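Down below is the structure, laid out as structure tokens.
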Amino acid sequence: MATEQEIYADYARQYEALISHEDRQGNILNAIQDIAPLEGKMALDVGAGTGRLAVRLAPDVRALLAFDLSTSMLEIAHEKLSRLEHVHWLAAAADYRRLPLLPHSADLIVSGWSVSYVAVWNPEGWRVQAESRLTEASRVLRFGGIAILLESLGTGVESPRRLPHLERLYDWLDEQGFSKKWIRTDYEFESAQLADRLTGFFFGAEMKQQLRRGRTAILPECTGVWWRQF
């Protein structure tokens with residue numbers, strides 16, 4: 001099975017095929033709207049990947065900028081955003097620690113399933129990396145701007161679980177004064193066979209076995225939503 005780094009660099013199409021089936025309940029956009037109404041906002045999607053959040057936000061905001069380090073992922077985000085009518089957007093490669101923006105130029109930052117890799121891929125220096133994200137968020141957000149982070153609380157489960165490899169990140173978000181809640185973001189596939197193929201690619205053999213035992217095309221998922229005003 002490919003590593004997450006390899007997937008994001010070399011398997012963007014397969015990754016998009018999986019996440020296009022996520023959030024069958026439509027809870028992601030509702031959760032964000034409950035925290036920060038989108039109308040008239042300049043929004044940033046940092047760690048945008050293939051645009052799973054960007055395409056949800058773009059129709060409702062004044063303008064959206066999507067940033068990621070993976071050009072292969074951004075290529076798909078660009079394609080998806082291009083299909084939307086009457087929206088203002090830009091997708092570009094950028095480092096989250098040095099965004100190509102003037103100070104206090106945005107109203108909202110969203111980052112989905114991205115900050116977690118700061119902790120996972122940088123086991124020694126993750127705290128410095130995480131704090132650099134907050135510093136940059138403070139620089140680019142206007143007074144009263146909001147940062148919203150989405151991270152996993154378990155795939156294949158119906159109730160939220162703190163994942164062992166993210167314990168430090170959960171605690172750090174509490175330390176930094178983030179509010180939090182959780183939502184269901186279940187996957188729904190056209191068939192059990194498709195569910196088997198796509199989930200095995202990203203989540204591994206154990207998840208495939210779970211779906212096979214249940215003979216289902218629905219994969220439950222819990223997602224945490226953290227937010228803070230600057």
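No lab work stands behind these numbers, since they all come straight from the coordinates. Source: prediction; values computed, not measured. FYI the Cβ positions are ideal-geometry reconstructions off the backbone, even for glycines, and counts take in every protein chain you see.
Tabulated results
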{"read-out": "Candidate aspartates and glutamates for bridging to residue 41, where Cα separation is under 16 Å - those fewer than 8 sequence places away on the same chain excluded", "value": "60, 107"}
{"read-out": "Mean-position separation - Cα centroids, the stretch 16-64 and the stretch 154-230, in angstrom", "value": "17 Å"}
{"read-out": "Extension reserve of the residue 176-residue 161 stretch, reckoned as 0.36 nm per residue once the Cα distance is removed", "value": "3.3 nm"}
{"read-out": "Expected 222 nm ellipticity per residue - DSSP helices of 4 or more, -39500 (n - 2.57), all of the chain, to 500", "value": "-11500 deg cm²/dmol"}
{"read-out": "Dipole magnitude (debye, nearest 20) for the stretch 135-225, charges at Cβ of Lys, Arg, Asp, Glu", "value": "100 debye"}
{"read-out": "Residue among 105, 48, 59 farthest towards the positive dipole end of the stretch 32-170, charges placed on Cβ", "value": "105"}
{"read-out": "Choice from 44, 194, 57 with maximal GNM fluctuation in the chain (Cα, 10 Å cutoff)", "value": "194"}
{"read-out": "Residue 102/residue 122 FRET efficiency (R0 30 Å; Cβ-Cβ; nearest 0.05)", "value": "0.60"}
{"read-out": "Highest-MSF residue in the chain out of 90, 64, 149 [GNM, Cα springs under 10 Å]", "value": "90"}
{"read-out": "Sequence-distant residues sharing a close amide H with residue 104 (under 5 Å, placed H)", "value": "140, 141"}
{"read-out": "Degrees, to the nearest 10: 205-214 long Cα axis against longest axis of the chain", "value": "60 degrees"}
{"read-out": "Bridge type composition, the chain - antiparallel percent by DSSP, nearest 5", "value": "45 percent"}
{"read-out": "GNM flexibility winner over the chain from 47, 156, 112 (Cα, springs under 10 Å)", "value": "156"}
{"read-out": "Electrostatic dipole magnitude of the stretch 69-136 [Cβ: Lys, Arg +1; Asp, Glu -1; Cα centre; debye, to 20]", "value": "60 debye"}
{"read-out": "The chain: radius of gyration over Cα atoms, expressed as a fraction of 2.2 N^0.38 Å", "value": "0.98"}
{"read-out": "Student exercise, the chain dipole from Lys, Arg, Asp, Glu Cβ charges, in Debye to nearest 20", "value": "240 debye"}
{"read-out": "Virtual spin-label span in nm between residue 83 and residue 33, 7 Å along Cα→Cβ", "value": "2.1 nm"}
